[in-house]
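Below is one structure, written out as structure tokens, with a few remarks after it.
No lab work stands behind these numbers, since they all come straight from the coordinates. Just so it is clear, the structure is predicted and the values come from calculations on it, not from any experiment. In this analysis, Cβ positions are derived from the backbone assuming ideal geometry, glycine residues included, and neighbour counts consider all displayed protein chains.
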Amino acid sequence: MIVEATQDFTLPWAGDDAAALAFVRDPARALARVRFLRDLRADGEGVRGELLVPLPGLGEVDLPFHSALTATPDGGALTPQAISGERAWVEVAGQARLDGGALHFAFQFRAHLATPDAQGWGGAAFEKMIRAAAARTLERVARELPAGIAQAAQE
């Protein structure tokens with residue numbers, strides 16, 4: 001099962017351009033205050049971590065992700081990388097750019113969830129419930145990004 005969510009937003013930036021570019025090119029710093037992420041690590045190969053998603057009947061599911069970070073002339077971009085051997089994972093793509101006195105962010109989440117085989121109407125109903133819960137959770141996660149990144153930008 002695949003569930004998707006997106007979030008685009010703009011935050012004001014009071015500092016200079018060099019500081020803005022350094023902020024958006026450092027995902028460990030920019031995403032440090034996003035509370036639904038766990039074990040966030042960034043290095044020369046990109047950013048890795050886990051997205052925490054509560055699902056009814058399954059509890060809290062940790063969705064690992066790995067995204068390559070590429071510097072762009074006006075910011076940075078995250079490109080999802082393959083994760084093998086996991087029953088559930090999330091692709092995290094994103095772009096961040098300096099636009100005048102503001103930072104513009106665009107994130108895309110694509111969660112891959114393996115659910116038990118849907119046997120009969122009960123299984124189909126369970127899968128529908130999981131899909132709806134996962135979609136609501138990803139949308140909530142996307143809505144919370146601006147506040148977490150804004151908090152990190154003020155530190």
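A compact table of results
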{"item": "The chain: most fluctuating residue of Gly85, Gly75, Gly100 per GNM, C-alpha cutoff 10 Å", "result": "Gly85"}
{"item": "Glu144 paired with Asp26, simple spin-label distance in nm, labels 7 Å along Cα-to-beta-carbon", "result": "2.4 nm"}
{"item": "Cα-based helix-to-principal-axis angle, 120-153 vs the chain, degrees rounded to 10", "result": "10 degrees"}
{"item": "For region 2-153: relative contact order, % (alpha-carbon pairs under 8 angstrom, 6 or more apart)", "result": "31 percent"}
{"item": "As computed over region 1-98, the Cα convex hull volume per residue (Å³)", "result": "115 Å³"}
{"item": "Estimated vicinal HN-Hα couplings, Hz - region 101-114 in sequence order (Karplus 6.51, -1.76, 1.60; Gly, Pro = x)", "result": "x, 9, 10, 10, 10, 9, 10, 10, 10, 9, 8, 10, 10, 8"}
{"item": "√(5λ) per eigenvalue of the Cα gyration tensor, region 17-155, largest first, Å", "result": "32, 15, 12"}
